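Note sheet for the following structure.
The values are calculated or read from the model by the stated rules, or taken from the named source; none is laboratory data. A quick note: this is a predicted structure, and the numbers were derived from the prediction, not measured. Positions of Cβ are backbone-derived with ideal geometry, glycine not excepted, and every protein chain shown enters the neighbour counts. Note: accessible area is taken over every heavy atom of the protein model, side chains too, but ligands, DNA and RNA are not part of it. Shrake-Rupley method; radii C 1.70, N 1.55, O 1.52, S 1.80 Å.
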Amino acid sequence: MAPIGRFVTEGTMLRLIRRPSGDGTPIFRSGRFPAWRWVILLVTGVYFLVPLYAAIRFAGLHAFGSVFTQAGFGSSLWVSVQLGIMTWIITMVLMVPTTIYVHLRLPGLRRVMEGITILPIVIPPVVLIIGVLQIAPLSLKATQWLLGIEYVVLAMPFAYRAIDAGLRSIDLKTLTEASSNLGASWLTTLWRVILPNLRTSLLSASVLIVALVLGEYTMASLNLVQTFPVWIVLFDQDNAQISVAASMLALIVTWLFLMLIVLVGSRQARRTGRGEVNLFSVTTITTTIGES
């Protein structure tokens with residue numbers, strides 16, 4: 001069978017080259033990347049980069065080396081790391097099986113799940129933490145364990161949507177049925193079939209959870225737990241330059257996690273033959289459709 005066309009990506013231009021119709025008129029013509037999109041990208045870049053440059057100028061390079069020797073830096077960062085690990089484990093244990101089960105057995109409840117998981121974003125954190133403190137046991141108040149449970153509630157919308165997007169991109173029902181027909185148990189199917197296909201989605205959810213824990217301040221301060229963001233705000237009263245440098249370090253760590261996701265996702269895409277993900281360039285891809 002003769003090819004009906006092919007997609008060609010060249011730099012910033014995507015073209016669909018198709019065979020002409022019966023009267024010789026091309027069915028689809030190429031189009032370049034609009035100039036207004038470059039304007040939006042430029043304005044967005046300036047909007048984000050100028051404050052970062054100003055923060056670095058204000059703090060000074062010497063402040064970044066002094067952050068690690070300040071009192072309370074190590075302990076507060078360790079508390080945030082513990083909360084991040086705790087939040088990640090509980091969130092994944094709850095959301096991964098639940099989301100998979102809803103996709104497989106209860107697809108009609110997907111809209112209900114979307115509505116329920118959006119509530120932590122709609123409800124202000126101040127209202128949520130005050131309500132939790134009113135009913136929480138006295139032994140859990142002012143502890144990082146209660147704060148970790150509250151972070152699980154906050155992370156639920158981001159984790160659910162990341163996992164849901166990954167499940168939408170695969171044929172979950174076919175994979176599950178094929179694994180079952182080959183004699184695999186449900187746990188084996190989950191561990192060796194479903195989770196490997198959700199690797200990038202799980203990494204995305206992990207980064208969102210870590211970024212949430214490293215940046216959340218309201219709940220931690222009201223719960224009287226000195227996390228890394230709380231330490232930054234408190235230390236700002238004594239030395240604003242060190243506080244800004246610590247904030248920049250937290251931002252850099254989050255950015256490095258995002259880089260890791262892109263690199264892992266691109267490596268997996270190359271192994272499976274999918275489109276490659278790049279950070280700073282567009283890879284030339286030529287795909288011919290309809291060739292035999």
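Values computed for the structure shown
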{"quantity": "Which of ARG105, ARG199 is most accessible, then next, and so on - probe 1.4 Å", "calculated": "ARG105, ARG199"}
{"quantity": "P(r) weight above 18 Å for segment 56-192, C-alpha pairs, percent", "calculated": "69 percent"}
{"quantity": "For segment 47-60, Karplus couplings with θ = phi - 60° (6.51, -1.76, 1.60), whole Hz, Gly/Pro x", "calculated": "4, 8, 7, 4, x, 5, 5, 5, 5, 5, 4, 5, 6, x"}
{"quantity": "Taking the convex hull of Cα positions in segment 31-137, its mean projected area over all directions (nm²)", "calculated": "14.0 nm²"}
{"quantity": "For segment 167-172, 3J(HN,Hα) per residue [Karplus equation, 6.51 cos²θ - 1.76 cosθ + 1.60, θ = phi - 60°, Hz, x = Gly/Pro]", "calculated": "5, 5, 7, 10, 8, 4"}
{"quantity": "1.4 Å probe accessible area per residue over segment 49-164, in Å²", "calculated": "56 Å²"}
{"quantity": "SER169, SER179, reordered so the largest accessible area comes first (probe 1.4 Å)", "calculated": "SER169, SER179"}
{"quantity": "Order of exposure, largest accessible area first, which applies to TYR217, TYR160, TYR47, TYR53 with probe 1.4 Å", "calculated": "TYR47, TYR53, TYR217, TYR160"}
{"quantity": "Dipole in debye (nearest 20) - segment 92-189, about Cα centre, beta carbon charges: Lys, Arg +1; Asp, Glu -1", "calculated": "120 debye"}
{"quantity": "Probe 1.4 Å - accessible area at PHE257, Å² to nearest ten", "calculated": "80 Å²"}
{"quantity": "Percent RCO, i.e. relative contact order, over segment 110-245, from Cα pairs under 8 Å lying at least 6 residues apart", "calculated": "29 percent"}
{"quantity": "Cβ charges +1 (Lys, Arg) and -1 (Asp, Glu), total dipole of segment 143-218, debye", "calculated": "200 debye"}
